[in-house]
Amino acid sequence: MSVIDVREALTRAHHEEWARVVAALARRFGDLDIAEEAAAEAFATAVERWPADGVPPNPGAWLTTTAHRKAIDRVRRENKRGDKQTEAQMSYDAPPEPLGPIDDERLRLIFTCCHPALAMEARVALTLRMVGGLTMAEIARAFLVRESAMGQRITRAKAKIKAARIPYRVPSAEDLPGRVSGVLAVLFLVFNEGYLATGPGTDPVRHDLTAEAIRLTRLIRALMPQDGEVAGLLALMLLTEARRTARVSSSGALVALDEQDRGAWDAALIAQGHRLVRERLAAGAAPGRYQILAAINAVHTSARDVRDTDWSQVVALYDQLVRLDPSPVVALNRAIAIAELDGPEVALAAVDRLEDELAEYHAYHATRADLQRRLGRGHKSRAAYDKAVELAGNTAETARLTRRRDRLG
């Protein structure tokens with residue numbers, strides 16, 4: 001096996017096995033620090049051993065076994081330091097908890113990382129690290145903070161989980177409704193990080209993250225089949241994921257929705273997403289944020305050609321969403337739909353009102369650039385594209401914006 005093959009196997013194993021290894025260790029030892037460090041040591045050992053010994057037939061089992069040994073070694077070392085480590089030993093010796101209705105270690109892990117005792121930003125950061133396997137640098141870029149500050153944030157979150165004795169389990173049925181909204185918010189952000197990774201030089205789309213977010217959301221739907229927002233988030237993810245393969249060009253640039261090859265969309269995922277949207281409409285209950293976003297995506301994925309899009313329905317749905325979530329990003333997306341319904345000049349006026357809140361957001365400048373282009377204002381369009389390129393984090397996004405700017409001539 002070549003060096004490149006081994007490197008690819010290591011990358012694939014990290015994407016596919018990190019969360020599983022960390023979750024197994026967290027359940028066994030009851031300590032996220034031990035779980036994360038032992039998993040990291042196992043992968044470091046793989047980097048040393050696999051080039052010489054070859055990739056094992058079952059990389060996940062090899063990594064889990066190696067990580068368990070590393071964790072046991074650490075517990076034994078710490079136990080020699082005195083009584084301060086008694087709690088770690090008790091966790092190590094504790095019998096496993098009885099299994100819940102759905103026994104999935106990664107689901108347990110995400111409910112632990114998303115405990116309401118933690119601030120929302122800490123929940124997202126901890127989930128990206130422990131479940132998504134992102135590096136500290138990648139997470140810091142996603143939050144626009146220094147890597148050292150993000151490291152401290154995650155360390156404090158893990159310490160709070162340990163100090164508060166937050167249990168490593170899926171909540172009981174009566175506790176689920178109060179816990180699920182925070183988990184859905186985190187899963188949505190994990191999915192978004194996978195759908196457009198924030199780091200320069202990284203894969204523009206992290207399928208391992210989008211797939212894991214979908215998998216965990218499916219499990220939560222099995223736990224709460226009547227919850228409209230769980231169904232809405234799952235539908236939103238499926239309809240978004242259906243477009244993944246058409247989203248990056250052969251040259252590595254992102255492809256906007258209006259330019260995508262719709263024949264390359266995943267028809268099975270679209271059918272699943274549409275079915276969930278119809279179920280929620282038939283329920284007759286007032287929709288939440290994720291259900292409205294899913295309905296917007298259902299309109300887009302129902303059109304065989306971008307010219308067939310029912311923009312009046314899209315704008316009406318955004319009007320509903322603005323009442324629930326009056327954020328500037330939602331207003332920006334509504335303005336993009338308004339451009340298709342009422343023209344670019346009306347939309348540009350709405351976009352310009354968002355400048356104070358979105359001045360550092362690349363999509364704001366990209367939207368202004370496109371609207372100025374459509375109005376024949378090449379010089380203003382180029383200036384807006386320049387600003388969007390400057391602010392964009394993902395290499396593929398930068399390539400798309402640069403290509404559009406260069407088309408101006």
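Before moving on, here are some points about what is shown:
- In the set Pro177, Pro200, only one residue is out of contact with any Phe, Trp or Tyr (no Cβ under 9 Å at 6 or more places or on another chain), surrounded by fewer than 16 Cβ atoms within 10 Å (Cβ to Cβ) and modelled with pLDDT of 85 or more; that residue is Pro177.
- Any hit, region 205-226, residues being among the acidic types (Asp, Glu) and touching a residue at least 60 places away in the same chain (Cβ under 8 Å): yes
- Considered as a group, the residues in region 148-174 that are outside any loop (DSSP other than H, G, I, E, B) and in contact (Cβ under 8 Å) with a residue 60 or more places away in the chain include one that is most open to solvent (accessible area, probe 1.4 Å), and that residue is Lys162.
- Some residue of region 27-48 being over 26 Å from the mean Cα position of the chain (by Cα), more than 15 Å from Arg169 (Cβ to Cβ) and at pLDDT below 90: no
- Residue in region 382-394 that is aliphatic (A, V, I, L, M) and open to solvent by 50 Å² or more (accessible area, probe 1.4 Å) present: yes
- Scan of region 324-378 for residues that are among the β-branched types (Val, Ile, Thr) and open to solvent by less than 40 Å² (accessible area, probe 1.4 Å), ordered by number: Val330, Ile338, Val351, Thr367
- Qualifying residue in region 55-73 (condition: assigned to a helix (DSSP H, G or I), closer than 18 Å to Lys162 by Cα and at pLDDT below 95): yes
For every residue, the table says whether it meets (1) modelled with pLDDT under 95; (2) farther than 29 Å from Gln226 by Cβ.
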residue	(1), (2)
Glu259	yes, yes
Asp266	no, no
Leu269	no, no
Ala283	yes, no
Tyr290	no, no
Ser312	no, yes
Leu317	no, no
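- The number of residues in region 350-409 being over 20 Å from Ile338 (Cα atoms), within 22 Å of the chain's Cα centre (by Cα) and at pLDDT 95 or above comes to 0.
- Of everything listed in (1) open to solvent by 60 Å² or more (accessible area, probe 1.4 Å); (2) closer than 26 Å to Lys158 by Cα; (3) out of contact with any Gly (no Cβ under 9 Å at 6 or more places or on another chain), the single unmet condition for Glu48 is (2).
- Filter pass, Ser249 being more than 20 Å from the chain's Cα centre (by Cα), open to solvent by 20 Å² or more (accessible area, probe 1.4 Å) and of a type in the set (S, T, N, Q): yes
- Number of the exception - Thr398 against (1) over 23 Å from Ala331 (Cβ atoms); (2) without any contact (Cβ under 8 Å) to a residue 60 or more places away in the chain; (3) open to solvent by less than 40 Å² (accessible area, probe 1.4 Å): (2)
- Residue match in region 301-311 (condition: open to solvent by less than 30 Å² (accessible area, probe 1.4 Å), in contact with a helix residue (DSSP H, G or I) (Cβ under 6 Å, 6 or more places away or on another chain) and under 17 Å from Ala337 (Cα atoms)): yes
- Hey, Glu37 closer than 20 Å to Leu109 by Cα, part of a helix (DSSP H, G or I), charged (D, E, K, R) and out of contact with any Ser or Thr (no Cβ under 9 Å at 6 or more places or on another chain) or not: yes
- Residue among Leu187, Leu281, Leu216, Leu233 that alone is part of a helix (DSSP H, G or I), aliphatic (A, V, I, L, M) and open to solvent by 20 Å² or more (accessible area, probe 1.4 Å): Leu281
- Test: Val180 is among the β-branched types (Val, Ile, Thr) and either without any contact (Cβ under 8 Å) to a residue 12 or more places away in the chain or not in a helix (DSSP H, G or I) (or both): no
The values are calculated or read from the model by the stated rules, or taken from the named source; none is laboratory data. Predicted model, so just to flag it, every value in this text is computed and none were measured. Methodologically, a virtual Cβ is constructed for each residue, glycine included, from the backbone with ideal geometry; neighbour enumeration extends over all protein chains shown. Areas reflect the complete protein model, heavy atoms only, side chains present, ligands, DNA and RNA absent. Shrake-Rupley method; radii C 1.70, N 1.55, O 1.52, S 1.80 Å.
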